[in-house]
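Some notes on the structure that comes next.
Derivation of every value follows stated rules applied to the coordinates shown; laboratory data play no part. All values derive from a computational prediction rather than experimental measurement. Don't worry about glycine lacking a Cβ; one is built from the backbone with ideal geometry, like all the others, and counts go over all protein chains shown.
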Amino acid sequence: MQQEKNSMCRMVDKTAVLPRGLRSLAITKLFGNFVPFLGTAGLRFEEVGRERMVVSIRNRRRVQNHIKGLHAAAMALLAETASGFVVGMNVPDDKLMLLKSMKVDYMKRAQGDMRAVATLSAAQVVRMVQEEKGDVLVDVVVTDESGESPIRCEMLWAWVPKKRN
């Protein structure tokens, strides 16, 4: 089924004319306009799609904890951002998306920079388009420089019709 593109998809499509290296920077800047805190934290959008979103963060002083690792809140932000933007690529413009619940288990100390990969199944995408309201548990895997997953996350996103004024 070919679905109509929402405003976020159309915005990302406009960056297709840019060289690959610049495309990621442009998308990062555009998405930072939606959520200014993303720029403050230094999140970078590496891969953007309707079924897969890859977001990374460098372990730098601004986002570190007291032991020079990535702060717990920065790790949670990384997972929330990747999962939220993959949902945002699919929710029609007449719907509002909201984070319904977020669970983060900190399993071990993180090493260096981190990356979150959030994915949706084709069936989840169809539900977002066809159902007036609902929710979806987004699969998101966060890894550090060692390739290990120092946190385990559950991100439940909901969508509802926008209120008309």
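Partners of Lys68 within straight-line reach, counting lysines whose Cα lies under 28 Å from its Cα and excluding those fewer than 8 residues away in the same chain: Lys29, Lys103, Lys108. Charge tally around Val104: other residues with Cβ under 10 Å, Lys/Arg +1 each, Asp/Glu -1 each, net -1.
Couplings for the range 139-150, taken from phi via the Karplus curve 6.51 cos²θ - 1.76 cosθ + 1.60 with θ = phi - 60°, read 6, 9, 10, 10, 10, 10, 4, 6, x, 8, 9, x Hz in order; Gly and Pro are left as x. Mean residue ellipticity at 222 nm, helices only, the chain: -10000 deg cm²/dmol; runs of at least 4 DSSP H residues each add -39,500 (n - 2.57), and the sum is divided by the number of residues. For the residues Met75, Met11, Met107, a GNM of the chain with alpha-carbon springs under 10 Å puts the largest fluctuation on Met107. Sequence-distant contacts, meaning Cα pairs under 8 Å at least 6 residues apart, place the relative contact order of the range 7-161 at 23 percent.
Note on the chain: Cα-only Rg and Dmax are 15.9, 50 Å.
Amide H to amide H, with H built 1.01 Å from N, Asp139 comes under 5 Å of Thr119, counting only residues 5 or more places away or on other chains. Compared with the dominant principal axis of the Cα atoms in the chain, helix 20-34 is inclined by about 80°. Remark: the Arg58-Asp113 segment gains 19.4 nm on full extension, using 0.36 nm per residue and subtracting the alpha carbon distance. Of the chymotrypsin sites (Phe, Trp or Tyr not before Pro) found in the range 10-116, none is in coil by DSSP with at most 12 other Cβ atoms within 10 Å of its Cβ.
Taking 0.36 nm per residue of separation and subtracting the current Cα-Cα distance, fully stretching the chain between Ser146 and Ser121 would add 6.3 nm. Taking other C-beta atoms within 10 Å as the exposure proxy, Lys95, Lys68 rank Lys68, Lys95 from fewest upward. With the simple spin-label model, which puts each label point 7 Å out from Cα in the Cβ direction, the Asn33 to Val129 separation comes to 2.6 nm.
As a calculated quantity, the FRET efficiency between Leu98 and Glu51 at R0 = 35 Å, using C-beta atoms, amounts to about 0.95.
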